[in-house]
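Every number in this text was worked out from the coordinates using simple rules, so none of it is lab data. All of these numbers come straight from a predicted model, not from anything done at the bench. Heads up, the Cβs are rebuilt from the backbone with ideal geometry, glycines too, and the neighbour counts pull from every protein chain shown.
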Amino acid sequence: MTVIQTALVFVGIPVAVFLVVAGMVYGGSARAARRYRPGRDYDFAPVWFLARPEEVSVAGAADYVASGGEGDEPKALESGPSMTRTGVKGGASGNW
Amino acid sequence: MATGDVEVSEPTQQPTKAADVLDGPFTVRQLLRIDEALNAADRMTGLTFSVYIGPLHEPTSGAARGLHDKLADPSESVLIAVSPQQRKLEIVTGENAAKRIPDRNAALAAMSMTASFGGGDLTRGVVDGLRQLADQASGSA
């Protein structure tokens, strides 16, 4: 083998392998970064999932959704008829 | 819409573009799992389940109830509201739904959901919570 061939085999191949692995590591992180991690900021748009979206009326729902804007004081909920429109509600709360 | 059954809760927005939802923290596969769980829960129980993921005004329980009121038939509906930023979870059951899902069982579901959320797995928390609530409501748990 000439010097050049030797260099290609013993330097070129390891460098190529290193680049492939590095590409796989950093290429994948762009997608993985767009997920929720506890304790980190969550700044995705709000979503509301329904099995049958046509059955929901979301008019006015924005009143209850805190806007993501900073320095934007969340307005207090008025306790009006809209709060008691549907009578007794049950449920549970949690935090983590 | 690519996923068909996903709605962004911005009332002023034009019909949701799939890209809006795909910009969120979920992959297509995760969105499909949530959709499947929602459909299964609705079918099993006849109630309307919905899942809101996003910020809520303080107090969050009042905000979640307000969102629940916006559903077409609140009495027969169950809303799961998750605010990852505030690390808060609210489950709201309507009047008739609450008869089938007692608050104690809702609290159990909430506990298992927050365990998943604490591990950073929103999808699994939502899917497991839906399954637990649906099992309870259909009397098989």
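Return the sequence-ordered ³J(HN,Hα) values of segment B:111-122 in whole Hz as given by the Karplus equation 6.51 cos²θ - 1.76 cosθ + 1.60 applied to θ = phi - 60°, using x for Gly and Pro.
5, 6, 5, 5, 4, 5, 4, x, x, x, 9, 5
How crowded by other chains is B:78-88, given as the mean number of beta carbons from other chains within 10 Å of each beta carbon?
Across the residues of B:78-88, the mean count of other-chain Cβ atoms within 10 Å is 5.
Work out the FRET efficiency for A:Phe10 and A:Asn95 from their Cβ-Cβ distance, taking R0 = 35 Å, and round it to the nearest 0.05.
Working: r = 57 Å, r/R0 = 1.62.
Given R0 = 35 Å and the Cβ-Cβ separation, E is 0.05.
Work from the charge dipole of segment B:39-137 (Cβ charges, +1 for Lys and Arg, -1 for Asp and Glu, about the Cα centre) and give the residue of B:Gly125, B:Ile101, B:Gly54 farthest towards its positive end.
B:Gly125
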